[in-house]
Each structure stands twice: as structure tokens, then as C-alpha cells.
1. Among the candidates Leu176, Leu211, Leu215, single out the residue that is assigned to a loop (DSSP other than H, G, I, E, B), of a type outside the set (Phe, Trp, Tyr), surrounded by 13 or more Cβ atoms within 10 Å (Cβ to Cβ) and away from ligand 2 (no atom under 11 Å from the Cβ).
2. Being within 17 Å of the chain's Cα centre (by Cα) and at positive phi narrows it down to one of Gly121, Gly114, Gly125, so name that one.
3. Cβ-Cβ distance below 6 Å, separation of 6 or more or different chains: which pairs start in region 205-219 with a residue that is at pLDDT 95 or above and β-branched (Val, Ile, Thr) and end on one that is within 11 Å of ligand 1 (Cβ to nearest atom) and not in a loop (DSSP other than H, G, I, E, B)?
4. If we keep just the residues of region 131-149 that are hydroxyl-bearing (Ser, Thr, Tyr) and open to solvent by less than 50 Å² (accessible area, probe 1.4 Å), which is nearest to the chain's Cα centre (by Cα)?
5. Only one residue in Phe80, Phe102 is within 18 Å of the chain's Cα centre (by Cα), in a helix (DSSP H, G or I) and aromatic (Phe, Trp, Tyr). Which one?
6. Arg86: without any contact (Cβ under 8 Å) to a residue 60 or more places away in the chain, under 30 Å from Arg210 (Cβ atoms) and of a type outside the set (S, T, N, Q), yes or no?
7. Pull up region 218-235, narrow it to residues that are among the hydrophobic types (A, V, I, L, M, F, W, C) and assigned to a loop (DSSP other than H, G, I, E, B), then point me to the one that is most open to solvent (accessible area, probe 1.4 Å).
8. For region 62-86, give me the residue count where each residue is surrounded by fewer than 16 Cβ atoms within 10 Å (Cβ to Cβ) and either within 13 Å of ligand 1 (Cβ to nearest atom) or of a type in the set (A, V, I, L, M) (or both).
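The values are calculated or read from the model by the stated rules, or taken from the named source; none is laboratory data. Computed from a predicted model, the values in this text were never measured in an experiment. Cβ sites come from the backbone with ideal geometry, for glycine too, and all protein chains shown count toward neighbours. For accessibility, only protein heavy atoms count, side chains too; no ligands or nucleic acids. Shrake-Rupley method; radii C 1.70, N 1.55, O 1.52, S 1.80 Å.
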Amino acid sequence: MAGALADWAAKAAHQLSPRTGGEADARPRHIAIIMDGNGRWATARGMPRAFGHSAGVQALRNTVEAAGDLGIEVLTVYAFSTENWRRPPDEIEALFGLLRGFIRSDLTRLDRAGVRIRVLGEREGVPADILTLMDQAEKQTEGNTIMTLVIAFNYGGQAEIARATQEIARQAAAGLIDPETIGPDTIAQFLPSRDWPNPDLVIRTSGEQRLSNFLIWQSAYAEFLVFDTLWPDFGRPQLEEALQVFAKRNRRYGGV
Ligand code: IPE
Ligand code: IPE
Ligand code: MG
């Protein structure tokens, strides 16, 4: 392979597989979870959907703790999508209230455990007091290194890519970027997720087999694993099972 093609190949290989193969790949550095099934969990118990969301917060606590113990570097959780605005206002209110409550009640504990909190998503539409809490959580935990917990809230993969594209276009118009040089690396550098590795494993609970606009750029080569378990029932045993399944996967990145 000559010149530009070889350069591009080397870059692509680097971006898709930040680690060299072998044993190191047996454990995912970054796990991303689509926490789905709270509504069905509540309905099955004859309870309102908000009851399921509330139970989901405890599942989140259990999962964060287990991920830390299992040596996961980054855990991203999908808590509210840009499409979840289609839900009834009282359910949206309940979800916002739970995030508010989670940060208030868990920030100190997470901080002490060495967890760094980052938030992904559109700020527009999120109540001001929640934005303040999120900023505070990010700031307070910014020096922590045990694990990064990324909360995807009011998050949509397409919106995120559109935003990055806007900024790239702005810089190109200002003469700061040569359009000819724009490639996958450029786009990745303009996404807020530039600070951590791409997910190695995306988990979705509740049996649904779709991405629902979650990390669509970053998950290009993630392994995908669906659990029938509804999110409120997810926890350490399921995460351990996920790691076992992941270790047996053969990631090829388009190679042989
Ligand atoms: C996931 O559970 C939580 C969020 C989307 C915030 P759902 O509320 O989607 O639960 P189901 O899919 O209706 O069971
Ligand atoms: C995805 O779940 C969003 C979150 C888990 C936050 P949804 O329940 O909203 O997804 P769809 O509508 O079934 O695709
Ligand atoms: Mg759902």
C-alpha cells in the first residue's frame, strides 16, 4: 500500500483498535448501556411507569459499583434520549426528577469512590437546576481516575454529529481547517467523547435489538449484546455475564 492510502489505513486501524490485540482485548475498556425496559417492568407489577424508572436508578447504582470492581474504565449509560421528549410530560418530569435525585444523593459517594462523572447530550431543554447539578458533578469529580461514568442525558447521536459538523464547517469557513483534510479522525475530535475510548461493548436490556440513536458514531465497531432482562433487574451478575460473552467475541475490524 502506498502513500495516502497507507496513512489512512494506519489511522483507521488506530482509531478502531486503540490497543494491540491479545489478552488485553479480553476485557472491554468502555461499556455503554441502553437502560431499557423500566416501563414494562412497572406495568408487569401493575404500577405506573415512573415506578420502573425509580427502580432503574437502583439498578444503575448496582451496575456502576460492579463496573468499578470489574476494572471497567468507562461506563456510559443512556438515561434520556432526544426522542424521549415524545413521552407524556409527567413521565418526562419523573425522569428529570430521578436524575436530579441521583446526582444529589450519589455524588459524594461516587466522588469518594474515585468515579469521574461526565455528561453527554444537548443542554437545550434541560431545566437550569439540572444543568447546574451536572456541571457541579463534572467539576467536583474531574480529578478522579478509577472509572468514568458518562451519563447520556437528552442525548442523540445524530444531534451530536450535526453539532460537530457545524463546528467543523465554521472552522473551515474561517480558514482554520482545510476541507480536504476532513476525515473520520477530524469528526471524532469534534465530538465530546474525544476524551475517552470508543465503546468496546454496547449492552441493551429488555430484548430490543436497536441502537435508538445511541453513540452511533462511536459504536461503529462495538460488540452488541442484548439481554432479555428488564433494566431494573440488571446488576452485577448480568454485567459479569456480559464480560464472559465479550471475552469470547472475535473482533475483526474488517480484517480476517
Ligand atoms: C428505559 O425504559 C428508560 C428510558 C427510556 C428513560 P423505558 O421507559 O423505555 O421502558 P419500556 O421500554 O417502555 O419498557
Ligand atoms: C432508548 O430507549 C433510550 C433510553 C434508554 C434512554 P427507548 O425505550 O426510548 O427506545 P425506543 O423508543 O424503544 O427505540
Ligand atoms: Mg423503552
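1. Details: Leu176 fails: surrounded by 13 or more Cβ atoms within 10 Å (Cβ to Cβ); Leu211 fails: away from ligand 2 (no atom under 11 Å from the Cβ).
After ruling out the rest, the residue left standing is Leu215.
2. Details: Gly114 fails: within 17 Å of the chain's Cα centre (by Cα); Gly125 fails: within 17 Å of the chain's Cα centre (by Cα).
From the options Gly121, Gly114, Gly125, the qualifying one is Gly121.
3. Final answer for the pair search is Thr205/Trp231.
4. First, the residues of region 131-149 that are hydroxyl-bearing (Ser, Thr, Tyr): 132, 141, 145, 148.
Retained after the next criterion (residues that are open to solvent by less than 50 Å² (accessible area, probe 1.4 Å)): 141, 148.
Numbers: Thr141: 18, Thr148: 10 Å.
Across region 131-149, the extreme among qualifying residues is Thr148.
5. Exactly one of Phe80, Phe102 is within 18 Å of the chain's Cα centre (by Cα), in a helix (DSSP H, G or I) and aromatic (Phe, Trp, Tyr), namely Phe102.
6. Working: without any contact (Cβ under 8 Å) to a residue 60 or more places away in the chain: yes; under 30 Å from Arg210 (Cβ atoms): yes; of a type outside the set (S, T, N, Q): yes.
Spelling it out, Arg86 is indeed without any contact (Cβ under 8 Å) to a residue 60 or more places away in the chain, under 30 Å from Arg210 (Cβ atoms) and of a type outside the set (S, T, N, Q).
7. Ranking the candidates gives Ala220 first.
8. The number of residues fulfilling the criteria is 3.
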